[in-house]
Amino acid sequence: MSIVRIGLDLAKYVFEVHGVDIHGKVVLRKRLRRDAVSTFFANLPKCLIGMEASNGAHYWARTLKALGHEVRLISPQFVKPYVKSNKNDQNDAEAICEAISRPSMRFVPPKSADQLTMQAVHRIRQRLIGDRVRLVNQIRGLLSEHGIVVARDIAQLRRRLVEIVGDSAEELGDLLRSLMRELHVELTELDTRIKSFDLRLREIFRDSEQCQRLGKIEGIGPVTATALVAAVGDRSSFKNGRQFAAWLGLVPKQQSSGGRQRLFGISKRGDRYLRTLLIHGARAALARAGGKQDPRSVWLGKLRLRRHPNVAAVALANKNARIVWAMLSGNENYEMQRSVGSAA
């Protein structure tokens with residue numbers, strides 16, 4: 001068998017393999033158990049292997065690359081158009097094999113084990129922050145049922161909870177006061193856990209030379225820098241900075257036809273977490289730019305005068321994303337004058 005391309009449909013225990021030769025003729029269809037995958041591909045001549053970027057895909061990409069194969073990860077949304085008839089594991093493997101053969105196809109950058117570990121810290125921290133938001137909203141809702149309205153500021157809620165728990169004159173029953181005391185303890189525990197993950201991210205930031213360089217960009221701090229390094233694996237997967245910004249969903253959504261261009265708001269594709277960090281960082285940079293006379297702050301001031309603050313924040317986030325790509329792809333340091341000069 002002269003296999004040149006394989007589509008591998010991943011699963012927890014049973015994997016489907018679909019292989020074709022140089023002419024596109026099917027020469028291999030096989031079902032493998034999880035423990036037999038490495039042995040099978042170790043005895044196979046080197047070829048191109050495609051997989052959907054799903055759970056465990058980055059692990060198998062590293063494993064198969066170590067065996068000498070070329071591996072490409074593809075987004076599931078780009079595989080779906082190539083699925084023939086009904087969806088099943090065999091048809092999925094065939095569709096993957098066909099999709100990776102397209103010369104204009106876009107692939108997902110693979111991640112190393114260190115990047116996945118760094119990303120795990122962000123994912124757990126993000127989940128804890130979501131738990132805290134839900135808890136705060138529940139506390140505010142329960143208190144409002146008893147005529148106690150607390151502002152949405154979490155700092156004010158913390159102060160008000162301390163008063164409610166410690167003030168016996170408050171017009172609350174003993175049972176509700178006991179419940180508020182338990183919720184206050186839960187909120188404190190979540191705050192402590194989130195702070196511990198913030199410290200871990202700062203330690204990663206201090207130990208990573210790439211993160212240190214990205215942290216010098218206005219609007220990018222330790223959290224955003226570590227998240228970007230964790231998410232961006234092979235920088236060569238993006239031809240330029242605009243493609244990287246488009247991958248993050250920071251470019252206009254387009255619906256053009258008949259030679260007429262129609263642009264809308266940002267596409268919001270890609271990782272919402274990264275996009276949110278970049279935009280919030282850009283808002284902070286715009287707020288700090290007022291009154292400063294350095295070239296970048298002057299440029300930001302002019303930008304804010306011309307456009308709405310939200311539009312200016314997204315524009316700065318887009319620009320920061322392009323700068324990040326240039327720094328990571330060229331292994332360069334941040335130079336403010338170059339970034340402002342390119343925007344003039």
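The values are calculated or read from the model by the stated rules, or taken from the named source; none is laboratory data. The structure presented is a predicted model; accordingly, all values stated were derived computationally and were not measured. Backbone-built Cβ (ideal geometry, glycine too); neighbour counts: all protein chains shown. Ligands, DNA and RNA are excluded from the accessible area calculation, which covers all protein heavy atoms including side chains. Shrake-Rupley method; radii C 1.70, N 1.55, O 1.52, S 1.80 Å.
Does Glu94 qualify as being among the charged types (D, E, K, R) and open to solvent by less than 20 Å² (accessible area, probe 1.4 Å)?
No, not satisfied.
Are any of the residues in region 166-185 touching a residue at least 12 places away in the same chain (Cβ under 8 Å), part of a loop (DSSP other than H, G, I, E, B) and basic (Lys, Arg)?
Within region 166-185, not a single residue is touching a residue at least 12 places away in the same chain (Cβ under 8 Å), part of a loop (DSSP other than H, G, I, E, B) and basic (Lys, Arg).
Where residues in region 42-82 are in contact with a Leu (Cβ under 9 Å, 6 or more places away or on another chain) and part of a strand (DSSP E or B), which of them is farthest from Asp9 (Cα to Cα)?
Glu70
Restrict the check to region 271-294 and report whether at least one residue is under 19 Å from the mean Cα position of the chain (by Cα) and in a loop (DSSP other than H, G, I, E, B).
Yes - at least one qualifying residue is present in region 271-294.
Within region 147-157, identify whether any single residue is under 17 Å from the mean Cα position of the chain (by Cα) and assigned to a helix (DSSP H, G or I), and answer yes or no.
no
Residues checked against (1) within 23 Å of Gln119 (Cβ to Cβ); (2) aromatic (Phe, Trp, Tyr):
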site: Leu10; (1), (2): yes, no
site: Leu44; (1), (2): no, no
site: Ser54; (1), (2): yes, no
site: Gly68; (1), (2): no, no
site: Tyr82; (1), (2): no, yes
site: Ala93; (1), (2): no, no
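In region 29-40, is there at least one residue being of a type in the set (Asp, Glu), under 26 Å from Gln119 (Cβ atoms) and either touching a residue at least 12 places away in the same chain (Cβ under 8 Å) or not in a strand (DSSP E or B) (or both)?
So far as region 29-40 goes, no, none of its residues is of a type in the set (Asp, Glu), under 26 Å from Gln119 (Cβ atoms) and either touching a residue at least 12 places away in the same chain (Cβ under 8 Å) or not in a strand (DSSP E or B) (or both).
Filtering region 315-325 down to residues that are open to solvent by less than 30 Å² (accessible area, probe 1.4 Å), under 18 Å from the mean Cα position of the chain (by Cα) and of a type in the set (A, V, I, L, M, F, W, C), which residue is nearest to Arg242 (Cα to Cα)?
Here the answer is Ala321.
Looking at (1) in contact (Cβ under 8 Å) with a residue 12 or more places away in the chain; (2) more than 26 Å from the chain's Cα centre (by Cα), which is the one condition that is false for Arg306?
Looking at each condition in turn, Arg306 falls short on (1).
Output the residues belonging to region 23-36 that are out of contact with any Lys or Arg (no Cβ under 8 Å at 6 or more places or on another chain) and surrounded by 10 or more Cβ atoms within 10 Å (Cβ to Cβ).
Gly24, Val26, Val27, Leu28, Arg29, Lys30, Arg31, Leu32, Arg33, Ala36
Mind listing whichever residues of region 287-298 are touching a helix residue (DSSP H, G or I) at 6+ places or on another chain (Cβ under 6 Å) and either over 17 Å from Tyr334 (Cβ atoms) or surrounded by fewer than 18 Cβ atoms within 10 Å (Cβ to Cβ) (or both)?
Hit for region 287-298 is Pro295, nothing else.
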